[in-house]
1. Take the alpha-carbon centre of segment 128-177, take the same for segment 270-321, and report the distance between them in whole Å.
2. Asp173: net charge of surrounding residues, Cβ under 11 Å, Lys/Arg +1, Asp/Glu -1, itself excluded?
3. So for the pair Glu281, Ser149, with labels modelled 7 Å out along Cα→Cβ, what separation do we get in nm?
4. What's the center-to-center distance, using Cα atoms, between segment 334-369 and segment 378-405 in Å?
5. Sequence neighbours fewer than 8 away in the same chain don't count; with that in mind, list the aspartates and glutamates whose C-alpha is under 12 Å from Lys658.
6. Against the longest principal axis of the chain, how steep is helix 666-678, in degrees 0 to 90 to the nearest 10, with axes from Cα atoms?
7. Mind putting a number on the dipole of segment 142-211 about its Cα centre? Charges go on the C-beta only, +1 for Lys and Arg and -1 for Asp and Glu, and I need it in Debye to the nearest 20.
8. If you take the charge dipole of the chain about its Cα centre, with +1 on Lys and Arg Cβ and -1 on Asp and Glu Cβ, which of Gly446, Thr334, Thr554 is farthest toward its positive end?
Amino acid sequence: MTNSASAPVRRSLRWSNSIGDIRSLNEREWLVANGLGGYASGTISGIGSRRYHGLLIAALPAPLGRIMLFNHLVERVKLGSGVMSLLAGEMPQMMPADTGVHAQLDDFTLELGLPRWRYRVGEAAIEKRLIMTHGANTVHLFYQLLETSVPLTLHLRPGFHFRRHEAPVGEPDVNSYSLHVRDHRVEISLSDFCLKLELRGQAGQLMLDGGRLYDVNYELEERRGYPHRDRLWSPGEFVVSLQPGEQVVLSASTEPWDALEAAEPQDALAMEMRRRQRLLEQAPAAARSGVPAELVLAADQFIIEPSTRVADEARARATGDEARSVIAGYHWFTDWGRDTMISLEGLTLATGRAAEAGYVLRTFGQYIRNGLIPNLFPEGEQQGLYHTADATLWYFHALDRYLRVTGDDGTLRLLLPKLLDVIDHHVRGTHFGIGVDPADGLLRQGEAGYQLTWMDAKVGDWVVTPRRGKAVEINALWYNALRLVERWLIESGQTGDAASIAKHADRARQSFNARFWCAERGWLYDVIDGEGVDDASLRPNQLFAVALPHPVLTEKHWPAVVNACQQQLLTPVGLRSLGPHEAAYKPKYSGDLRARDAAYHQGTVWGWLIGPFVDAWLKVHPGRYEEARAFLDGFSPHLDAGCIGSVSEIFDAEAPFKARGCIAQAWSVAELLRLWIKTSPAS
């Protein structure tokens with residue numbers, strides 16, 4: 001990996017020609033997002049292993065949502081009498097019979113977060129780059145012939161199976177596709193979808209062959225227990241001859257033709273590189289080079305304009321604002337309230353994008369209903385689902401972080417009445433059994449069939465970790481929210497209301513310390529007053545009783561809690577979700593959906609939990625930032641694995657801590673970046 005303050009932020013990968021090393025390229029992935037929730041993604045090798053791998057997954061207005069439009073591209077080179085495919089490794093699927101042997105992939109590089117491949121084809125070298133236009137459903141693929149004295153011919157065969165993002169793979173309805181070709185422009189239509197293709201740069205043509213089908217086997221989907229065999233339809237292939245130094249660009253888009261051609265691809269590339277450079281320039285000095293600079297660029301992938309929800313944009317425009325949200329993770333998550341609020345500080349405030357943090361908070365403020373913010377927005381729908389006990393409480397925390405950076409009294413004045421209404425609903429009781437227990441002032445939650453905390457795995461009717469009752473982090477967040485509102489009321493001159501809130505906070509803190517401390521085990525109960533006996537399993541949730549700005553736990557117990565989590569839960573890439581000596585502990589996250597969800601919060605390591613751990617550790621060991629930084633060291637090698645330059649959602653609970661789940665997760669990136677800056681000597 002090459003990275004310096006004077007050079008562009010760059011991560012370069014090289015490998016040996018051993019079979020094992022080449023095969024590893026099938027498990028190393030790349031991701032480029034467009035700021036709308038759409039993306040392009042694949043493996044370094046070029047072999048699709050997920051149903052989510054594609055060159056254009058467009059984000060379209062509801063009820064469409066995200067749509068897979070450009071699934072795959074067979075790239076072949078003819079040099080003399082030889083034919084080579086631009087692939088690395090063995091092809092676990094049927095491709096056109098004349099694919100031939102493979103070119104040699106010399107290296108893969110992320111430059112300012114954008115992927116670049118360099119292939120060796122005989123004596124020739126070919127460079128491939130990919131960008132998406134920010135704020136548009138457009139992808140550009142650049143091919144340039146770098147070294148050879150002999151021209152070559154590039155053959156590009158696109159493959160399609162238009163389908164909704166979450167739809168199963170299978171047989172496309174090829175008879176329903178409509179193909180329109182005029183000059184160098186190609187339009188492929190199916191139902192409500194229309195994809196535009198254009199080859200630009202050199203004289204090339206689309207050679208139609210009546211349509212061909214080829215089979216694809218998505219290996220990772222097969223392992224995960226999902227339908228995995230797909231058929232892609234191709235109307236023909238683009239053919240273009242390249243002289244040394246020449247470049248050709250294949251563009252694909254859902255935008256109107258005039259928008260697609262408003263900028264030449266080279267101009268689009270230059271504009272995107274400048275946009276990314278500005279992201280680094282506005283970030284804090286500690287995040288303008290090295291690993292944190294890469295994380296700044298990774299963070300950009302998650303901040304979106306929710307274009308699929310037209311109502312969000314309309315409401316924002318009506319008030320002179322802008323709509324923003326956060327994609328929880330790629331590939332399959334949409335924007336989630338909990339993930340957004342936990343991630344907000346690291347994605348926006350730690351990157352110099354405070355204005356967008358305000359947009360996010362005000363956007364979600366529009367959705368408060370019955371004292372709750374949405375847990376998630378389903379794919380292609382306008383309204384959210386509200387089955388969450390903690391997302392709303394994280395909203396208070398995110399607003400506090402925003403106000404400390406911006407001092408934005410206008411946003412506070414706008415939201416404070418809504419926050420008071422939230423507290424009132426929680427005190428009186430709201431949906432899903434969420435409400436304060438009048439007997440002790442603690443917050444309880446739970447309803448059969450629902451998983452309301454962040455440990456939310458559910459398979460069919462089976463809620464794996466229901467945690468119904470009084471959960472430790474829910475009450476830590478509740479107390480923190482009460483103290484924050486108390487201060488905001490005092491600062492706004494509403495001392496009477498502040499005193500009332502303070503009484504709720506005082507009672508909650510007294511009851512928490514009387515009831516949650518488990519002297520027998522030397523740490524906090526995870527859930528009390530639940531189903532059966534109080535749950536004293538060792539989980540990381542108790543860290544929030546120390547880590548939050550207003551810790552609910554009495555200080556004398558802080559060292560014991562932090563030490564227990566450090567000794568039994570801490571790994572190089574986050575914290576285990578359950579102690580290894582607990583009966584329900586699962587060391588590995590693998591198998592079909594039921595097996596995976598059974599392990600999801602039963603030992604599986606979560607990268608984002610490094611955030612509350614380090615926050616709590618520094619409260620016990622104030623000022624020891626160099627030692628705290630060492631807890632982050634294990635993440636650096638991970639940036640060369642999984643999704644290159646980003647951080648995965650979860651990891652196995654035991655060495656070698658294999659990355660699992662989403663390849664790029666908002667709160668994993670956000671918390672790592674936030675901590676990197678927090679523990680920086682410059683900070």
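Each value in this text was obtained by applying a stated rule to the coordinates, not by laboratory testing. Note that this is a predicted model, so its numbers are computed, not measured. Quick reminder, even Gly has a Cβ in these numbers, built from the backbone with ideal geometry, and neighbours come from all protein chains shown.
1. Here the answer is 25 Å between Cα centres.
2. Working: positive: Arg163, Arg231; negative: Glu171.
Charge balance in the 11 Å sphere: +1.
3. Those two pseudo-labels are separated by 4.4 nm.
4. That distance is 7 Å.
5. In chain and number order, the partners are Glu27, Glu649.
6. It is inclined by approximately 70 degrees.
7. Numbers: 7 positive and 9 negative charges, 31 e Å.
The calculation lands at about 140 debye.
8. In the chain, that residue is Thr554.
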